[in-house]
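The values are calculated or read from the model by the stated rules, or taken from the named source; none is laboratory data. Since the structure is predicted, the reported quantities are computational estimates derived from the model, not experimental observations. So basically every Cβ, Gly included, is an ideal-geometry build from the backbone, and we count neighbours across all protein chains shown. Note: accessible area is taken over every heavy atom of the protein model, side chains too, but ligands, DNA and RNA are not part of it. Shrake-Rupley method; radii C 1.70, N 1.55, O 1.52, S 1.80 Å.
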Amino acid sequence: MNTRIIRASALAGVAALVLSGCAASGSSDSSALTFSVYMTADSAERTVLQELITAFTDKTGIDVELSYDTDNYESNLKVQMASNNLPDVFATHGWSVLRYSSFLEPLNDQPWAKNVNPALDASMRDDKGNIYALPLEYTVAGIDVNLDVLKKAGVDPDNLKTWDDFDAALAKVAASGVSPLTASGKSSSAGNIADYISSNAFTDAQLTSFSKGTFDTSAWAQNVLSHVKTWVDKGYFNPDYSSASLDDMASQLAQGQAGFALVPASSILATAMKLNPEANIGFIPIPNAQGEQYFVGGEGVSSFGVSKSSAHKDDALKFVDFLAEPENAAKVAASVGSYSGLTGVEVDLGVLQSSYDTWVASGDLPTKPFFDRVYLPNGIWDTMIATTDSVITGQSSPTDAAKQMKLQFDTLYGQAG
Amino acid sequence: MSSTSPGVAVPRSRRRRRWQGASVNVLYLPALALFVVFIVYPVIQGVSIALTNWNGYSPTRSFVGLENFARIFEDPNFRTALINTFIFGIGSTIIQQVLGLLFAVLLDQKLRGREVARAVMYLPVLVSPVVMGTMYYLVFRYHQGALNDLLAMFGGAPVSWLSNADVAVAVIVIINSLQFMGISMIIYLSGLQSIPQEIKEAASLDGASGARQFRSITVPQLMPAFASSVVLNLIGGLKLYDIIQVLTGGGPGYATNSVSTLIGRTYFGNQSAGYAAAQGIVLFLIIVVCTVLLNWWFDRTRARLEN
C-alpha cells in the first residue's frame, strides 16, 4: 500500500478528531433562536408556544427553534451551563435567581418589567432588585382535589384547616373505597409532598436554624415526615405508588380513583382534563398544625430568561418581549392553568377558576415560598424526593430519612455554586 | 560506472524500509487519538474534578484535597449502591454463565433449527437496555402490568413489585442476565466448536462417559472462553445503569441504586460534581482490581488444568 496515502489518511483522521473537539463554545452559530422549555410533548403549553413562535417569526422574520423536556431538562441545562452553551431563551422553572442568575441577562429594562406582580419580588429578584426571567406563570399551589370524590365521601373541602381535619377527610375517602392520596414514585411528587408540608411547619426559631445552616433533624422527622408515615401506615397512598408516573396521578385524579394530590395543579391538570374533560377538579389550601391555611408558590416553571452569552441577545430579548404582550402572556398562563406573573393579564383558568375565586382572589391566605428554595441549600431537592420516597415505600423511618436529609444538607451547605 | 554510488544507495533503501515500518505504526494513530480524547483525557479531568467541590456548572470551584474520597466511606447511600453493584455484577455474571453455557452446549448439538434458535437467544443483546428496561417496567408495573394481569387471571391480588427493594434488585439482576446471556452463549459456542473432535473421539474410545468428557475435556478447553465471558459480563454488571434508571430510578429511596446511577444522581441531582467524580474513580478502581484478579485466577486455573 502506498505509505503516503496511509500516512495522509491517518493524519487526516487525527486532525478531524482534534478539530471536532476544538469547536468554539457559546451559543449555536445558527441564525435561529434556541428556546428550551420545561414541558411535555403533548402539553397544551406546547401548542400555544408553537403558535406564538409562528406569529413571532411572521412578524419579525426571526426563526425560533423550540426544544422541550421534563425528566432531563435540569440535567441538560446544567451540562449546558458548564460548557457555557445555554439556549438563547430558556425556562428557569423556579430557579432564575438561585441557580441561573449569573448566566442570565438582567431584564429590568424590558418594557414589561414594571408589570411584574410584586408578590413575586421575594422569589424572582436578587438583593439588588434585578429580575432575570419573564414570569408568564405565577405558581399558587395548593392540594389538588377531585370534588366529586370528596362529595361522595362526605368531605367538606372548605373546612380542612388542620392536619387532623385532613387526616379525617382521608379516612372518609378511604372508607368510600377510593384511594385518598395519589402520588408517584416515578416523578418528583414525593418531594412536593415534603415541600408542601414543610413550608408552614416550623417555628421562627427553627426557620432561623435552617437559614443559618443547621438542619433540625428531629423537627423534620416530626413536623414533616411523620405525617407521611401516618398516611403510609393507614394505607392512604395509591397502591401503585412505586411504578406510577405523573400521568398516572393525573389519570387517577381525573377518573375519580383518588381524592387528593399534593402537587401543583399545573403539573397534572392538562393531562387530567384530556383524560376526562368532565372531571370536577379543583384545589384547596394546605392545612397546618395550627389551622393556619396557606398556599405555596412563587416563580413558576414557565418563566423565561435570556442567556447572557447568547449570540442573538437582541433577538432573544425581542422574543421575550413578544411573549410578554398581554394577550400572549394570557394564552401561556391559561395553557398551564396558572395565574400570570404579570399584572394586567387576564387569564381564563378553566376548571380551576372556581378554586382561584374561592381561595386566592381575596388574598386572605398567605402564599409561602417553596421551603427548599429558601431554607435548604441548592441541590437538596433530589434528596428530599428520595428520603420522602423512602418513607412512603417503607424503606426508612421518618428519623432515618431525616438523618439522610441532614447528611446531604451539611454537605451541600456552603458548597461552591 | 553507476551514477549512484553504493554509499548513497544503501541508506536510502534503509530509510525507505524504516518509513515503511513507521507507516504501519501510523495506522493506529486514529485509535490512539480516540483513546486519548475519550478515555485518558476524561480520566484526568475526572481526577481533577474529584479534588474540588465543583457543583457541576458554576465557573468557580475550590480545591478540597481528598475530602470527597473520605466522604465515600461515611456515605450510607454509597455503601448501599456498592453492595447492589456487586449483586448486579456477580449475580448477573453467574446467571449468564450458567444459562449461556447451557444453551451453548444445547445448540452445539445437531438439532433442526438451531441457527434460528441461536439467533433468537442472541436477539435481546441487540435491544437497547433502555428499551429492555421499559419493556420490563410494563411487565412489573402495578396497574396494567403484565405480571399483575396474569395474577388477576388466576384470581390473585395485584402486587407492587417495584416497591420492595429486594424484589426490585432481583428483578434487575434477572433482566440484565436475560438480556446479555446471548453474549456468553456465543462465546461458549465458539469455544465448544474450537475443541478438536479427535480428543472427544479418543476419550469415547477409552470409555469416558458424556459427563466425564464434559468435566475433563470440555471444561478445561473452555477456560479461555470462561475468562472472556466472565470478565466481560462482570464489567457490564458492575457498570449497570440504563435498566435501573428506567425501571426503578434507583428507588425506592436509594435502595436499588448501583454506583453508576448514584453517580448520576449525585452529579445532577445533588449538584455535587466533585463527589460524583470521586465515586466514579472508586468504581473505576474497583472494576480494574476485579478484572486483574479474575484474569490472574483464570490464568492460574488454566495453567493448573493444562498440567
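Structure summary
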quantity: GluC sites (Glu not before Pro), loop per DSSP, at most 13 other Cβ atoms within 10 Å - longest free stretch of chain A; calculated: A:1-277
quantity: Whole-number accessible area per residue in Å² for chain A, which is evaluated in the context of all protein chains at 1.4 Å; calculated: 40
quantity: Interface residues, the range B:127-171 - accessible area loss of 50 Å² or more versus chain alone, probe 1.4 Å; calculated: B:137, B:142
quantity: At least 30 Å² accessible surface lost relative to isolated chain, residues of the range B:250-273 (1.4 Å probe); calculated: B:252, B:253, B:254, B:265, B:268, B:269, B:270, B:271
quantity: Table column - 3J(HN,Hα) (Hz), the range B:291-299, Karplus curve with 6.51, -1.76, 1.60, x for Gly and Pro; calculated: 5, 5, 4, 5, 4, 4, 5, 5, 4
quantity: Mean Cα-pair separation over length for chain B, i.e. relative contact order, pairs under 8 Å, 6 or more apart, %; calculated: 28
quantity: Net charge contributed by nearby residues that have their C-beta within less than 14 Å of residue A:120 (K/R +1, D/E -1); calculated: 0
quantity: DSSP loop chymotrypsin sites (Phe, Trp or Tyr not before Pro) with at most 13 other Cβ within 10 Å: longest gap in chain B; calculated: B:155-307
quantity: Local net charge near residue B:267, Cβ-Cβ under 13 Å (Lys/Arg +1, Asp/Glu -1); calculated: 0
quantity: Quotient of Cα Rg and 2.2 N^0.38 Å for chain A, N being how many residues it contains; calculated: 1.07
quantity: Residue A:233 versus residue B:16: modelled label distance in nm, points set 7 Å from Cα along the beta carbon direction; calculated: 9.2
quantity: Cα-only radius of gyration and Dmax that characterise the range A:267-417, units Å; calculated: 19.5, 53
quantity: Shape of the range B:1-138, Cα gyration tensor, a/c cut at 1.5; calculated: oblate
quantity: Extreme residue, positive dipole direction of the range A:78-164, given options A:96, A:86, A:107 (C-beta unit charges); calculated: A:86
quantity: Contour minus Cα-Cα distance for residue B:72 and residue B:153 (0.36 nm per residue); calculated: 24.4 nm
quantity: Convex hull volume per residue in cubic angstrom - Cα atoms of the protein assembly as shown; calculated: 251
quantity: Radius 11 Å from Cβ of residue A:406, net charge of other residues (Lys, Arg +1; Asp, Glu -1); calculated: -2
quantity: Signed unit charges on C-beta, dipole axis of the protein assembly as shown, positive-most listed residue A:267, A:181, B:260; calculated: B:260
quantity: Geometric extent, Cα atoms of the range B:221-307 - Rg, Dmax (angstrom); calculated: 16.8, 55
quantity: 30 Å Cα-Cα reach of residue A:172 towards lysines, excluding residues that sit fewer than 8 places from it in its own chain; calculated: A:151, A:152, A:161, A:186, A:229, A:234, A:274, A:368
quantity: The range B:74-160 - percent relative contact order, Cα under 8 Å, separation 6 or more; calculated: 11
quantity: Peptide A:387-394 - average C-beta neighbours from other chains (10 Å radius); calculated: 5
quantity: Carbon and sulfur %, accessible surface of the range A:161-308 computed with the full protein complex present, 1.4 Å; calculated: 48
quantity: Cα-based helix-to-principal-axis angle, A:313-324 vs chain A, degrees rounded to 10; calculated: 30
quantity: Residue-level accessible surface for residue B:24, protein heavy atoms, 1.4 Å, Å²; calculated: 90
quantity: Positive-end residue, the range A:273-338 charge dipole about Cα centroid, Cβ charges, pick of A:307, A:283, A:294; calculated: A:307
quantity: Per residue accessible area of chain B, 1.4 Å probe, in Å²; calculated: 54
quantity: In the A-B interface, the accessible area buried, summed over both sides, Å² (probe 1.4 Å); calculated: 3500
quantity: Long-range HN-HN contacts of residue A:65 with modeled amide H, under 5 Å; calculated: A:33, A:34, A:35
quantity: Separation between Cα centres of the range B:114-147 and the range B:208-233, rounded to whole Å; calculated: 29
quantity: With Cα atoms, 0 to 90° folded angle of helix A:265-275 axis to chain A main axis; calculated: 90
quantity: Mean separation of Cα contacts under 8 Å, 6 or more apart, over the residue count of the range B:152-229: relative contact order %; calculated: 35
quantity: Packing-based order for B:287-294, A:186-193, using average beta carbon neighbours within 10 Å, highest first; calculated: A:186-193, B:287-294
quantity: Student exercise, the range A:314-403 dipole from Lys, Arg, Asp, Glu Cβ charges, in Debye to nearest 20; calculated: 380
